[in-house]
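Written below as structure tokens is the structure these notes are about.
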Amino acid sequence: MLWDLFPDGVQIAVGDPRAGEPTGYPDEEAHVSSAVPSRRSEFFAGRECARKAIADLGYQPTVIGVHPDRSPIWPNGLIGTISHSSTLCLAAVARQKDDALSIGLDIEPDSPLPEGMWDTICTSNERTWLDGLPGGQSARQALRIFTAKESAYKAQYPLTQEFFEFEDLEISFDGHDFFAMLQRSVPGFSRGTKLRGRQVIYNGHVLSAVCVGSDQFKKGAVS
């Protein structure tokens, strides 16, 4: 099921964020030296999963540094994404190529999203869709919207360095697939671009994944 999230060639590794151990890479460990134990464990588990996925691609595991914005620094030629809840950690890594310029992954426990959050997360069209659903479905579909936006944001950020508000993406669903449509233009993406993603349920969580290819991102283009 996990391997349905991304196209072929993307390696996924799974871990337990409660069981992360120091990585043995001083630069990595220094980044969380003052963090609380749970945060350190989550960070270490994410790096362990990432290195396993890198090894599965046939590369030598290596240090995965941290950008000032706290995103991972992937080895040259590789792209990746790490996400975790309190009980599940996943990392996905791939070779960077035309059909996989960047990837994004989000994990959320499969529980209803409180209605008080809907207006913050949803566009007016999304909210109208939620309000029209049969009773009991809206809160779970709101969670699906939230995690879809998170994965799409993570996929676009390494390419654009643009911070998005929730209203900058609008989600529509087609079964397990979804489309995140940009509501404004950013360098490389025109308004109306649809980033295609996929969602699965795994181990009590909703997982969302997006892969951006060169057919969607035009480097240097400003719309």
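The values are calculated or read from the model by the stated rules, or taken from the named source; none is laboratory data. This is a predicted model, so every value here is computed, not measured. Positions of Cβ are backbone-derived with ideal geometry, glycine not excepted, and every protein chain shown enters the neighbour counts. Remember, those area values only see protein heavy atoms, side chains included, never the ligands or the DNA or RNA. Shrake-Rupley method; radii C 1.70, N 1.55, O 1.52, S 1.80 Å.
With respect to the conditions (1) open to solvent by 40 Å² or more (accessible area, probe 1.4 Å); (2) over 22 Å from Leu78 (Cα atoms); (3) not in a helix (DSSP H, G or I), Pro7 falls short on a single one, namely (2).
Within the range 161-170, none of the residues are at pLDDT 95 or above and polar (S, T, N, Q). Residues in the range 29-50 that are surrounded by fewer than 21 Cβ atoms within 10 Å (Cβ to Cβ), free of Cβ contacts under 8 Å to residues at least 24 places away in the same chain, in a helix (DSSP H, G or I) and not small (Gly, Ala, Ser): Glu29, Pro37, Arg39, Arg40. Considering only residues in the range 13-28 that are assigned to a helix (DSSP H, G or I) and open to solvent by less than 50 Å² (accessible area, probe 1.4 Å), the one that is modelled with the highest pLDDT turns out to be Pro17. Here Thr87 meets each of (1) closer than 22 Å to Thr160 by Cβ; (2) in contact (Cβ under 8 Å) with a residue 12 or more places away in the chain; (3) surrounded by fewer than 24 Cβ atoms within 10 Å (Cβ to Cβ); (4) not acidic (Asp, Glu) with one exception, condition (1).
Screening Arg70 on (1) open to solvent by 30 Å² or more (accessible area, probe 1.4 Å); (2) touching a residue at least 24 places away in the same chain (Cβ under 8 Å); (3) assigned to a loop (DSSP other than H, G, I, E, B); (4) over 30 Å from Gly135 (Cβ atoms) shows it passes everything except condition (2). Among the residues of the range 80-109, those identified as in a strand (DSSP E or B) and not aliphatic (A, V, I, L, M) are Gly80, Thr81, Ser83, His84, Cys89, Arg95, Lys97, Ser102, Gly104, Asp106, Glu108, Pro109. Taking the range 116-223 and the helices (runs of 4 or more DSSP H) fully enclosed by it, the elements with 2 or more residues that are more than 22 Å from Ile12 (Cβ to Cβ) and open to solvent by 60 Å² or more (accessible area, probe 1.4 Å) are at 118-121, 124-131.
Look at the range 203-220: where a residue is at positive phi and a partner is at pLDDT 95 or above and among the acidic types (Asp, Glu), sitting 6+ places away or on another chain with Cβ atoms under 8 Å, you get Gly204/Asp110.
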